[in-house]
1. Just to make sure I understand: if all protein chains stay in place, what is the order of 203, 12 by accessible area at 1.4 Å, largest first?
2. Which shape class applies to region 1-94: rounded if a/c is under 1.5, otherwise prolate when a/b exceeds b/c and oblate if not, where a ≥ b ≥ c are the square roots of the Cα gyration tensor eigenvalues?
3. Just flag the GluC sites (Glu not before Pro) in region 1-79 sitting in loop per DSSP whose Cβ has no more than 16 other Cβ atoms within 10 Å.
4. Going by accessible area, probe 1.4 Å, with all protein chains left in place, what is the ranking of 299, 117, largest first?
5. My understanding is that a pair violates if its Cα-Cα distance is over 22 Å; which of 119/166; 31/235; 188/251; 198/235 do that in this structure?
6. Once Rh is set to the Kirkwood radius over Cα pairs, what Stokes-Einstein translational diffusion coefficient, in µm²/s, holds for region 20-63 at a temperature of 10 °C and a viscosity of 1.306 mPa s?
7. Given H placed 1.01 Å from N in the peptide plane, which residues other than close sequence neighbours of residue 339 have an amide H under 5 Å from its amide H?
8. Where does region 261-352 land on Rg(C-alpha)/(2.2 N^0.38 Å)?
Amino acid sequence: MGMKFGRLSFLFLLLTLVLAGCGEPFLSTLKPAGEVAETQLTLLFISTSIMVLVILVVVIIYLIVLFRFRRKKGEENKIPKQVEGSHKLEIIWTVIPILLLLSLSVPTIAATFKLGDVKDMDKVDKDGNREALVVNVRANLYWWEFEYPDLGIITSQDLVVPTDEKVYFNLKASDVKHSFWVPAAGGKMDTNTDNENKFYLVFDKEKADEAGNLFYGKCAELCGPSHAYMDFKVKAVSRDEFNQWATAMQKNKEEVQPTSDLAKQGQEVFQANNCIACHAVTANDARPETARTAPNLADFGNRTRVAGILEYNEENLKAWIQNPEKFKPGNQMYKEANLSEEELDALAEYLMGLKVQE
Ligand code: HEC
Ligand SMILES: [Cu+2]
């Protein structure tokens, strides 16, 4: 018994250690990045506390009854007083659950309506321009596209948002159901193929700084063999920085011209191998979304990852281009390329130079 207990406590201790690692500010729902996540965490705390309280009270009453009313020595034949029906008790155990349920439901319903309120999404100023920032999120088998309809720009994999304001999202999917989730910023929401879901998130400047201005996002709906690799990042920067980025993106109507010979060679390889048929290299890809079958590479030089998952460096980029299937089974690029080491070098040089701003 003692041994078992010791082992169990050890296991729990280990689990505690493992769980302690879950508190990263860029990833954890327990470290809310803004209003939405805070509201949801508060709900979590309210419901957990109520449930713990109920368990405690029940266990205590149970133990008291167990010990106080058990058969005692010398009283084997004593029959205790028989009680049938008690108004007092019945009222108590009806009223208390009602109160508990009310204190659960009132804040939950209030928060549900508050967080589901996207009215301001369509609010316009006197010139007819939308006031809020809206991002169209399109989820695809294993990559994400982020379109800013009012700014006329598109990016992929790295979502860029301003801090300290509501950012509204139109969510949809182009192939199968996915789910858009930035754990630190709020609960997930499904991206469907036949309707658009809408919600908003808020990223506090302070929290963004703490997280290194980079939050992690995930697909939260099992969508295929590489579902677990369907990651994205959220760069949360100040309004000023966001505007600078957006302006640079808007100016990027023509491809950034390669500066070195190697990069120029890479550009040629890119065009000759039809990479350009799927990937746009300008931020204002005018093709309809059905034709946008691959991540927009206009700002690829500023990405935080290659293909959403690999550390961003030349080696990984080349390995990805050579054999994407190895890293994300079932992805929609191609199985394997037939490129020489030279061509890969040139492609990497070219792609890593695609930056809308330094
Ligand atoms: C059939 C369309 C298609 C072609 C052709 C294609 N790609 Fe892709 N590419 C994709 C898709 C789809 C993805 C996203 C894969 C994923 O992450 O699941 C992708 C991802 C990438 C990425 C990672 C992008 C990012 O944002 O991290 C790079 C880099 C890339 N491709 C380079 C190339 C190069 C270079 C070529 C030409 C040799 C090429 N691709 C040809 C469809 C294509
Ligand atoms: Cu998925």
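The values are calculated or read from the model by the stated rules, or taken from the named source; none is laboratory data. Quantities reported herein were computed from a predicted structural model and do not represent experimental measurements. Glycine also receives a Cβ, built like all others from the backbone with ideal geometry; neighbour counts cover every protein chain displayed. SASA here: full protein model, heavy atoms, side chains in, ligands and nucleic acids out. Shrake-Rupley method; radii C 1.70, N 1.55, O 1.52, S 1.80 Å.
1. Largest accessible area first, the residues go 12, 203.
2. oblate
3. The qualifying sites are 75, 76.
4. Largest accessible area first, the residues go 117, 299.
5. Violating the 22 Å limit, Cα to Cα: 188/251.
6. 131
7. Counting only residues 5 or more places away or on other chains, the set is empty.
8. 1.02
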